[in-house]
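Trainee: To start, I am sharing the structure in question, which I have written as structure tokens.
The values are calculated or read from the model by the stated rules, or taken from the named source; none is laboratory data. Since we're looking at a predicted model, the values are computed, not measured. FYI the Cβ positions are ideal-geometry reconstructions off the backbone, even for glycines, and counts take in every protein chain you see.
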Amino acid sequence: MIGTVGSSHVIHAGIILTATGVSRCIEVEAYATLTLLPRIVSIGVAVAVDVPVIAQACGLGTVGAVEDVEIKVWGRGLYYSNPALGEILGSLVSDAYANDGAVTVNSISARMWGIETAIASLEGSSAVIEESTMPLYDISGLWAVIFRLGKPLNSERLVETVYSHVGVLERIVYDNIDDAPTLIDTLSEKIASISGIKRLQKIRGMLARLGALAVGVDIYGKHVIALVEDAESAYILSAEMRELGDRVEAPVIVPGI
């Protein structure tokens with residue numbers, strides 16, 4: 001199923017509105033999300049797991065004709081997400097507050113790098129192709145272990161690799177769009193190879209030997225994600241690789257599943 005991501009398309013998974021006196025608050029429930037490929041040209045990929053992130057906008061009354069609005073983003077999932085997620089969700093909930101609760105991509109439409117992250121966090125793991133979204137149904141039912149690396153990877157080299165070889169990486173996605181585990185694993189394999197980051201290559205090898213079906217790396221280099229068959233496999237792999245840093249185990253989220 002492919003959905004449109006036009007400027008008026010609502011992409012929220014859930015929204016809560018409350019009113020206390022003259023103040024008004026809007027909350028958006030989202031998921032921890034890693035961006036495996038930002039949509040620089042035509043396609044982006046992001047994976048979401050069931051670890052909560054909450055974004056909230058609350059009116060603090062008015063000063064003249066201007067209303068002060070406080071934006072907060074919190075939740076365990078934020079610690080295990082793309083570092084840009086907080087800013088993206090904050091922008092979305094601010095836009096929602098101004099538009100009577102409609103959560104849309106209006107506020108990030110000019111930031112192509114953020115669309116796949118926002119959609120995955122709000123709806124579930126997805127690829128964004130041109131102006132459409134494609135849920136990564138092939139990873140439905142799998143579990144993930146997200147590692148927040150104690151020693152982050154070289155983010156500058158990762159970003160440079162992605163931006164300098166975006167055509168090659170996008171071709172990997174197009175060639176494997178019907179096989180999401182292969183898509184995810186091949187992306188990080190190619191990024192590790194091109195970037196020459198030996199530590200990423202080593203981490204990939206260790207996770208594969210412990211049963212990971214696919215290994216992905218967030219573009220910012222602070223997180224690695226391993227996909228496995230079930231909860232038991234996730235907890236075992238997590239325990240075996242605890243030296244990598246803090247980690248969380250949770251089901252993968254896919255839109256509509």
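Trainee: Are there any pairs with C-beta distances below 6 angstrom linking a residue in region 226-253 that is on the phi > 0 side of the Ramachandran plot and assigned by the TED database to the domain that holds V145 to a residue that is surrounded by 20 or more Cβ atoms within 10 Å (Cβ to Cβ) and at pLDDT below 95, with the two at least 6 apart or on different chains, and if so which?
Mentor: none
Trainee: Only residues in region 151-178 that are outside the structural domain of A127 (by the TED database) and touching a residue at least 40 places away in the same chain (Cβ under 8 Å) count as the first member; pair them with residues that are polar (S, T, N, Q) and surrounded by fewer than 17 Cβ atoms within 10 Å (Cβ to Cβ), Cβ under 7 angstrom, at least 6 apart or cross-chain, and list the lot.
Mentor: Note: pairs meeting the criteria are E170/S42.
Trainee: List every residue pair whose Cβ atoms sit under 9 Å apart, with the two residues 6 or more apart in sequence or on different chains, where the first one lies in region 132-143 and is on the phi > 0 side of the Ramachandran plot and the second, anywhere, is assigned to a loop (DSSP other than H, G, I, E, B) and buried (at least 19 other Cβ atoms within 10 Å of the Cβ).
Mentor: These pairs meet every condition: G141/V254.
Trainee: Continuing with the same structure: Which fully enclosed helices (runs of 4 or more DSSP H) of region 147-221 have 3 or more residues being closer than 20 Å to Y80 by Cα, at pLDDT 95 or above and of a type in the set (A, V, I, L, M)?
Mentor: Counting at least 3 such residues, we get 198-209.
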